[in-house]
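Taking it in order: structure first as structure tokens, then the write-up.
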Amino acid sequence: MSRCLLSIDWDYFVATKEENWGSFTESKKGLVDLWYKRYLKAKAEGTDLQDMYKLSPAWRTFWQRLEGRFTMDEDTKMYVTDSHLWSYKIAKKHDCRTVCLFDSHADLGYGGLSSLDFEVNCSNWLGRLLKDEHSENAHIVYSPHTLEKPEHFQEINSMYTITYYTNLDDLDGPFNVSAIHVCRSGAWTPPWFDDKFVMFVEALGKEYEVIDCPKRKWDTKSLSLSRQIDYLFA
């Protein structure tokens, strides 16, 4: 049984309207400042940004639903990061020939095979693992809230062994998990869900290593005028 990376993006549980996903850049400003900017712009239009994002209650039972499909033991390492590009490094470190990804995005590379010529980033790490032959196959379990479809990646699908699922229950097992990576994707997931994110991570009951995942403060009630101006020009 090949070694498996279990990679989970927190946005798997986040639902919003199509216009709110956007194509964001991972940056320090994108983690907090731009969320305040979106909040203030929405408020000026008479809308509460926090009402535009919903967190699926499925996060509470996720780990239980994996039982029987994934085997883990005390040697299984667990990592928590903000950027999903760390899955490339983690899979390579633990020689994971199989990747099981739970995500709203396939992260195979957006733009066909040519996108795999770019440096490893949050949008092509899985495609690069396959291209660089660090992994042999990928199983992608799409979020119920995804806007993507497998046919969006026809060129890459024709080159590599990739299986897509739209329902967790259709995923066969067991997979022998060598490493678990939980990614927050803070440019896409709101900071007001961060407390639930920590609860989700800790619900598995395993020790984990946090890598480059800074805590975010979200407090819209005490924003000074000067801070609001700073955020609007972020």
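The values are calculated or read from the model by the stated rules, or taken from the named source; none is laboratory data. Please read these numbers as outputs of a predicted model, since none were measured by experiment. When we count neighbours, we look across all protein chains shown, and the Cβ atoms used for this are built from the backbone with ideal geometry, even at glycine.
Remarks
- Just so you know, in the stretch 178-208 the residues that are under 15 Å from the mean Cα position of the chain (by Cα) and part of a helix (DSSP H, G or I) include one that is surrounded by the fewest Cβ atoms within 10 Å (Cβ to Cβ), and it is Val198.
- Filter result for the condition that a residue is charged (D, E, K, R) and within 21 Å of Glu207 (Cβ to Cβ), over Lys92, Lys77: Lys77
- Those residues of the stretch 93-117 which are part of a helix (DSSP H, G or I) and on the phi > 0 side of the Ramachandran plot, in sequence order: Gly112
- Test: residue in the stretch 141-160 that is more than 25 Å from Val80 (Cα to Cα) and among the aromatic types (Phe, Trp, Tyr): yes
- Residues being among the small types (Gly, Ala, Ser) and either at pLDDT 95 or above or in contact with a Lys or Arg (Cβ under 9 Å, 6 or more places away or on another chain) (or both) are represented in the stretch 70-87 by at least one member.
- When the stretch 62-74 is limited to residues that are among the charged types (D, E, K, R) and closer than 13 Å to Cys4 by Cβ, the one that is surrounded by the fewest Cβ atoms within 10 Å (Cβ to Cβ) turns out to be Asp73.
This table checks each residue for (1) without any contact (Cβ under 8 Å) to a residue 12 or more places away in the chain; (2) loosely packed, with under 15 Cβ neighbours inside 10 Å; (3) within 26 Å of Lys93 (Cβ to Cβ); (4) of a type in the set (Val, Ile, Thr).
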| position | (1), (2), (3), (4) |
| --- | --- |
| Asn124 | no, no, yes, no |
| Leu129 | no, no, yes, no |
| Glu136 | no, yes, yes, no |
| Pro144 | no, yes, no, no |
| Glu148 | no, no, no, no |
| Asn157 | yes, no, no, no |
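- Looking across the stretch 211-226, the residues that are of a type outside the set (Phe, Trp, Tyr) and in contact (Cβ under 8 Å) with a residue 12 or more places away in the chain come down to Ile211, Asp212, Cys213, Pro214, Lys215, Arg216, Lys217, Thr220, Leu223.
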